[in-house]
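The next block holds one structure in the form of structure tokens; read it before the comments.
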Amino acid sequence: MTVRISRSIPLFAFWLALPVLASDHTPPPVQPATSFAAVEVHDKEQVAIAAEPYDTKKKASIFKVDYLSHGVMPVRLIVTNLGDRPISLRDARILFETATGDRIQAAEPEDVVRLMTRKDREGGKIPMPGPIPAIKLKAKGSIQEIQDDFDTFEYQALAVEPHTTRAGFLFYDVSDLTHPLKGAKLYLKMLRNADGEQLFFFEIPFDKYLQSKSNAMD
């Protein structure tokens with residue numbers, strides 16, 4: 001995945017039924033990566049990176065579109081630069097690594113559209129948490145909602161300044177996975193320091209996040 005500044009989606013001639021969740025649709029406050037359960041800290045390079053899946057209906061209500069019901073997992077990426085010089089994510093590759101070692105690239109908005117329409121044609125094979133109202137939205141409106149979500153929430157920072165935290169979301173197609181987070185990781189490589197030198201890769205286990213949820217329920 002290469003971080004991008006802007007995106008656009010072509011308009012497709014189809015009807016797309018997308019459940020829309022009630023919310024003010026604003027990004028959550030930015031907090032240091034070290035405040036999250038699923039975090040990896042590189043002390044020598046002075047960088048901390050956390051991954052926070054939005055895997056519940058309540059958390060995902062910040063989006064206009066119900067991605068989870070269509071097999072798309074929003075993952076919040078939080079990058080904290082603990083050092084005195086900037087770091088670059090211009091060439092970064094940020095992949096969802098499954099428990100079996102497969103690596104999934106972050107989805108483009110058009111990828112999300114294609115996945116949702118394919119699942120709709122297949123009869124909604126992705127398990128739904130509850131009944132979905134039989135309402136079909138015009139393609140233009142639904143596509144615009146996806147674009148709005150990406151414009152508002154997607155991780156976009158190409159650089160992280162000294163003693164600064166940048167955060168945003170990446171969206172992954174996990175529709176073929178029964179338990180997408182169990183044993184999976186967020187894998188990052190090709191981050192660079194101010195001299196252009198590549199940082200050591202990051203592997204952030206989602207099991208840390210799942211364990212924190214389990215502990216909170218105890």
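Throughout, read-outs are computed from the coordinates displayed, never taken from laboratory work. Predicted model only: the values in this text are computed from it and were never measured. Ideal geometry is used to build each Cβ from the backbone, glycine not excepted, and the neighbour counts take in all protein chains shown.
Using only the Cα atoms of the stretch 174-218, what do you get for the radius of gyration and for Dmax, in Å?
15.0, 46
Efficiency by 1/(1 + (r/R0)^6): what FRET value for Thr164 and Asp102, r their Cβ-Cβ distance, R0 = 30 Å, to the nearest 0.05? Don't skip to the end; give the middle numbers.
Working: r = 33 Å, r/R0 = 1.10.
Computed FRET efficiency for Thr164 and Asp102: 0.35.
Based on the Cβ-Cβ distance of Lys57 and Asp91, what FRET efficiency does E = 1/(1 + (r/R0)^6) give at R0 = 35 Å, to the nearest 0.05?
Values: r = 35 Å, r/R0 = 1.00.
After rounding, the FRET efficiency stands at 0.50.
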